[in-house]
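The values are calculated or read from the model by the stated rules, or taken from the named source; none is laboratory data. No experiment lies behind these values; they were computed from the predicted model shown. Here the Cβ positions follow ideal geometry from the backbone for every residue, glycine too, while neighbour counts run over all protein chains shown.
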């Protein structure tokens, strides 16, 4: 499933109060932990993130303390004791078998030692797969059988929606739209390689005017630099946004087409901008470019809570109705 699918699935579990234990599998950097944290935050739930690969057995089970001749297990302070939330056992299969055994008791019985998980808490876990060259232990069959298993794959559209909603630089969004294979490309020979997580770090470096190679590796960084040099040729986008783009031609070079389309969608901050860009693309470009523009635009507008305003503006635009007819014809509807 995609990260967006995962978010919808977990949100449904929360909404219906389904407290089955969930194990999320996926390559490093695809956004597993971020999605879980986002679901908890959106639902107003508490969130406790335990990196099991960094814990010792006593960190989870607690310490034995003698009381009246009997050992009582004192649980760690980081485990939740009240309310509602998500107890997230991240990197669970990086934990040694002994610690996985303690986690199994926590997942199966919702208790370990003297500690009991409060009724309002969900128990979810995540881990990397062996094929991702992660240093993981085999998950024991009894533990694996306690989970509902979900597998997440990198997905450009999910990342693009996240990037637009969170204000990642338009040049990075446009570049990955043009080079989707570089969204996630594990390179075992280098410490830095492209992933959704590392592209978010690259965004911070790029906005600061720094080289992004330390985040995504030299190969992806070199391609981004070449793309950005082309991006500077798009000086006419402001004319399109002002509704003065009749004499501006849609670029012929594929990378510039992605740059122009994504750039317009991320600069269209008003309904007048949106209508002007849509009118220009409808006249100058094919339906697939209008689709890309609208997909990015809707993500931005929805995040601003202005979908109603945009819908009314587009309904009044004759070229929008013409596009819908053409788009339906392309789909065979």
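Looking at 28, 80 in this structure, which one is farther than 21 Å from residue 128 by Cβ and either within 17 Å of the chain's Cα centre (by Cα) or crowded, with 17+ Cβ neighbours inside 10 Å (or both)?
Numbers: 28 fails: farther than 21 Å from residue 128 by Cβ.
Residue meeting the stated conditions: 80.
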Counting only residues in the stretch 193-212 that are surrounded by fewer than 19 Cβ atoms within 10 Å (Cβ to Cβ) and more than 14 Å from the chain's Cα centre (by Cα), the one nearest to residue 158 (Cα to Cα) is identified as 204
Cβ pairs under 6 Å, 6+ apart or interchain, first in the stretch 289-302 and not assigned by TED's automatic domain parsing to the domain that holds residue 277, second assigned to a helix (DSSP H, G or I), ordered by first then second residue, are none
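Conditions (1) in the same structural domain as residue 128 (by TED's automatic domain parsing); (2) surrounded by fewer than 17 Cβ atoms within 10 Å (Cβ to Cβ); (3) in a strand (DSSP E or B), marked per residue:
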| site | (1), (2), (3) |
| --- | --- |
| 7 | yes, no, no |
| 12 | yes, yes, no |
| 18 | yes, yes, no |
| 23 | yes, no, yes |
| 37 | yes, yes, no |
| 40 | yes, no, no |
Flagged pairs (Cβ under 6 angstrom, 6 or more apart or on separate chains; first in the stretch 214-231, in the same structural domain as residue 180 (by TED's automatic domain parsing) and more than 14 Å from residue 193 (Cβ to Cβ); second at pLDDT below 95 and crowded, with 16+ Cβ neighbours inside 10 Å) are 227/175; 227/255; 228/171; 230/255; 230/256; 231/171; 231/259
Selection over the stretch 208-244 where residues are part of a loop (DSSP other than H, G, I, E, B) and at pLDDT below 80 yields a count of 5
Residue 106 passes all but one of the listed conditions (1) exposed (fewer than 13 other Cβ atoms within 10 Å of the Cβ); (2) not in a loop (DSSP other than H, G, I, E, B); the exception is number (1)
Only one of (1) in a loop (DSSP other than H, G, I, E, B); (2) over 30 Å from residue 189 (Cα atoms) does not apply to residue 264, and that is (1)
